[in-house]
Structure formats: C-alpha cells, structure tokens
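A quick write-up on the structure given underneath.
None of the figures in this text is laboratory data; all of them are computed from the coordinates on show. The shown structure was predicted, so the numbers you read here are calculated from the model rather than taken from an experiment. Neighbour counts run over all protein chains shown; Cβ positions are idealised from the backbone, glycine included.
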Amino acid sequence: MSSLAGKVALITGGGTGIGKGIAERFGREGMKLALAGLDQARNSATHYGGRNLGGFTAATLVAKSIGANAIAIEADVTDRAQVQAMVEKTVKAFGGIDVLVNCAGVITARPIAEMSEDDWDSIMDVNAKGTFLTNQAAVAQMRKQGGAGRIINIASVAGKFGTATLTHYCASKFAVVGFTNALAKEVAREGITVNCICPGIVDTQMWTLLNTAFANPGETPEQVYKRAIERYVPQNEPQTSEDMADMAVFFATAPHVTGQAYNVDGGMDL
Ligand SMILES: NC(=O)c1ccc[n+]([C@@H]2O[C@H](COP(=O)([O-])OP(=O)(O)OC[C@H]3O[C@@H](n4cnc5c(N)ncnc54)[C@H](O)[C@@H]3O)[C@@H](O)[C@H]2O)c1
C-alpha cells in the first residue's frame, strides 16, 4: 500500500488542468482529498476572458468521480477569510491536512506599455498573494497537528526565466519560487517541507490563451502550440498533468527534500 494512503491533501485549483491530474493521482494513491475551486473570480484579468472560472463546479465533478474520499470546497485563494474557511472545512471533513498543493493560478499576456494595474494586480493576487495566504493557513494547521506536513506550490519555468509579454506572470512565479525557499527554511525544524514544481508546457486551458496571445499573423492555435514546443522544449514534446502528479507524489513523500523548485519541462534551459 502507498505510504500516502489515508493521508489528507488539500488541492487548490483541483478541478481543472494540472490540479485535476494531481487530484486523480492522489485519489489512486488512496488519499483523502479536498479540492478547492472558485466559480466567480474577483479579479478581472484572467485567462478565462472574464470572471467566470467554473473552478468550483469543475472541482465538484472531479470529487464526485473520485468518490467518498473527496470533497469540493468553494474558495477564493486571494481572500484570507475564504482561505481560512477552506482549511477549516478540510479539517472538519477529514481531521487534518497532511499535504497542501497550491495549484490555483492565472495568466494574461500583455506588452509592458499596455499592462494596466488591473492586469498586474490580478496576476499577483492569485499567484503570489494566494501562495502566501494558502501556505500561511496550511502551516498554522500543520503546527496544530504537531508539525510535519508537505507543501507543494505550483510555480512555473516562468519562475526561473523571463518571457516577453509575461512580466507580471514571471514576477508572480519568481515570487512563488523565492517564497517557497524562504518558508522551507522557516519551518524545516518542524518536519514541514515546502517545495515547488515548475511545469514547462502542459496542454490546459491556460495554454489556450497563450496559443492566441503568441500567434503570428495567420497562425492557428495548433501551429502556435507546435512552434512553442519545437522552439523551447529539447524533447520536442509537451509535458502532462500526470508528469506533474509524479513530481507531486515525490514531494509529498520525500522527507529530506525541501526548499526546491524542480523543473518538469522536457529539458528547457533558456
Ligand atoms: N499549463 C501550463 O503549461 C503551466 C505551466 C507552468 C505553470 N502552470 C501553473 O499550473 C497551475 C495550474 O494551471 P493549469 O495550466 O492547470 O490551468 P487551469 O486554468 O486549468 O488551472 C488554474 C486553476 O486555478 C483556479 N483559480 C483561478 N483563480 C482562482 C482563485 N482566485 N481562487 C481559487 N482558485 C482559482 C481555476 O479555477 C483553475 O482550476 C497554475 O498555477 C499555472 O500558473 C501551468
């Protein structure tokens, strides 16, 4: 039996894309899962083209497909009270939190001259402040349980190098990498590890936006996606949510790996 069987994981953004892939894998490992998502964003600049995220509805469907060991929770990671309530609901359902996967994230693409404060704030609020709020609440809960725990933040290769028109997104993901390394040192003596996964290119709804944003005149979204993979990924293949789930299982079990930001990117080295 997996050493993760019976452990409790809270996954933000757990209804779609990479979060869904991690949820399904953790489910197969026998974990108890709280999948958090949001249907209506407060922020207006997102890759959804509006405030309707459908994230809670999606999390509800994933929880249902996993079965009795999974619940869905509606929570906005940019709101401290909702983050606290999310943690309390998880503890009420399953008795504690062993693993936090902080996967909620948003993106837009804007040349610097066109970037509004709203664009900047929307991306920083979810990706950077959301990391702070969810990690802070998880550490408090793990301390109540006597320490020990695993925190896994989903950063990006954009947290290691810059990409034109993604200044705000890159700043937010560099923030996640730095935050992770600093927090890891702060809680290391309590048996809590804090790491991040840096995905490269995964075919989720987030990449749907980039396929349009990065298009040259006349290019189809499929052509943009193929060009991005050929240009940036030495293996010339995209990564998958299952690849991210493999790394999540590793971080969720490794006792002596902390403060790391591990690329799962097919060899990108820009
Ligand atoms: N797809 C990629 O190639 C790629 C690459 C690098 C990093 N990432 C990161 O992976 C993570 C997951 O992205 P994805 O590609 O699966 O896209 P996605 O759009 O499917 O996932 C984002 C999730 O975040 C949730 N969310 C957004 N705002 C929220 C809020 N305020 N509160 C709670 N939940 C909120 C959404 O509902 C959604 O479930 C993100 O952090 C993203 O930056 C993705």
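What is the chain's relative contact order, in percent, from Cα pairs under 8 angstrom and six or more apart in sequence? Before the final figure, lay out each step's value.
Working: 572 pairs, mean separation 51.8, N = 270.
Rounded, it is 19 percent for the chain.
Treating only the Cβ atoms of Lys and Arg (+1) and Asp and Glu (-1) as charged, compute the dipole magnitude of segment 1-102 about its Cα centre; round to the nearest 20 debye.
On the way: 11 positive and 8 negative charges, 22 e Å.
Charge dipole of segment 1-102: 100 debye, to the nearest 20.
Between ALA261 and residues 5 or more places away or on another chain, which pairs have amide H atoms under 5 Å apart, with H built 1.01 Å from N, and which residues are they?
Here CYS196 satisfy the definition.
Amide H neighbours of ILE71 under 5 Å, counting only residues 5+ apart in sequence or on other chains, H built in-plane at 1.01 Å?
LEU33, ALA34, LEU35
Given the peptides 210-218, 25-33, 250-258, arrange them by the average over their residues of other C-beta atoms within 10 Å, most packed first. The partial results should precede the final answer.
On the way: 210-218: 13.4, 25-33: 21.6, 250-258: 15.9.
Per-residue Cβ counts within 10 Å, averaged per peptide and sorted highest first, yield 25-33, 250-258, 210-218.
Between ARG80 and SER2, what is the label-point separation in nm under the 7 Å Cα-to-beta-carbon projection?
Those two pseudo-labels are separated by 3.5 nm.
Give the long-range amide H neighbours of ALA148: residues separated by 5 or more places, or on another chain, with amide H under 5 Å away, using H modelled in the peptide plane at 1.01 Å from N.
Answer set, sorted by chain and number: GLY191, ILE192.
Expressed in nm to one decimal, what extension gain is obtained for the pair ALA113 and GLU190 from 0.36 nm per residue of sequence separation less their Cα-Cα distance? Before the final figure, lay out each step's value.
Numbers: separation 77, 0.36 × 77 = 27.72 nm, distance 4.52 nm.
In short, 23.2 nm is gained.
Place a label point 7 angstrom from the Cα of ARG42 along the Cα-to-Cβ direction, then list the residues of segment 52-79 whose backbone nitrogen is under 16 Å away.
Output list for this probe position: 52-53, 74-79.
Whole-Hz ³J(HN,Hα) for each residue in segment 262-269, computed from phi via Karplus 6.51 cos²θ - 1.76 cosθ + 1.60 with θ = phi - 60°, x for glycine and proline: what do you get?
Running phi through 6.51 cos²θ - 1.76 cosθ + 1.60 with θ = phi - 60° gives 9, 6, 10, 9, x, x, 4, 8 Hz.
Could you pull out every whole DSSP H run in the chain that spans at least 15 Å of Cα extent along its own axis and averages -1.0 or higher on the Kyte-Doolittle scale? List each step's numbers first, then the result.
Numbers: long enough: 17-28 (17 Å, -0.37); 55-66 (16 Å, 1.18); 80-94 (21 Å, -0.05); 130-144 (21 Å, -0.17); 167-187 (30 Å, 0.47); 221-232 (16 Å, -1.43); 241-253 (18 Å, 0.54).
Membrane-span-like by this criterion, though nothing is claimed about a membrane: 17-28, 55-66, 80-94, 130-144, 167-187, 241-253.
Strictly over 29 Å apart at the Cα level, which of LYS129/LYS226; LYS7/LYS226; LYS92/LYS160; LYS64/LYS160; LYS160/LYS226; LYS129/LYS160 would you flag in this model?
Cα-Cα > 29 Å for LYS129/LYS226; LYS7/LYS226; LYS92/LYS160; LYS64/LYS160; rest within.
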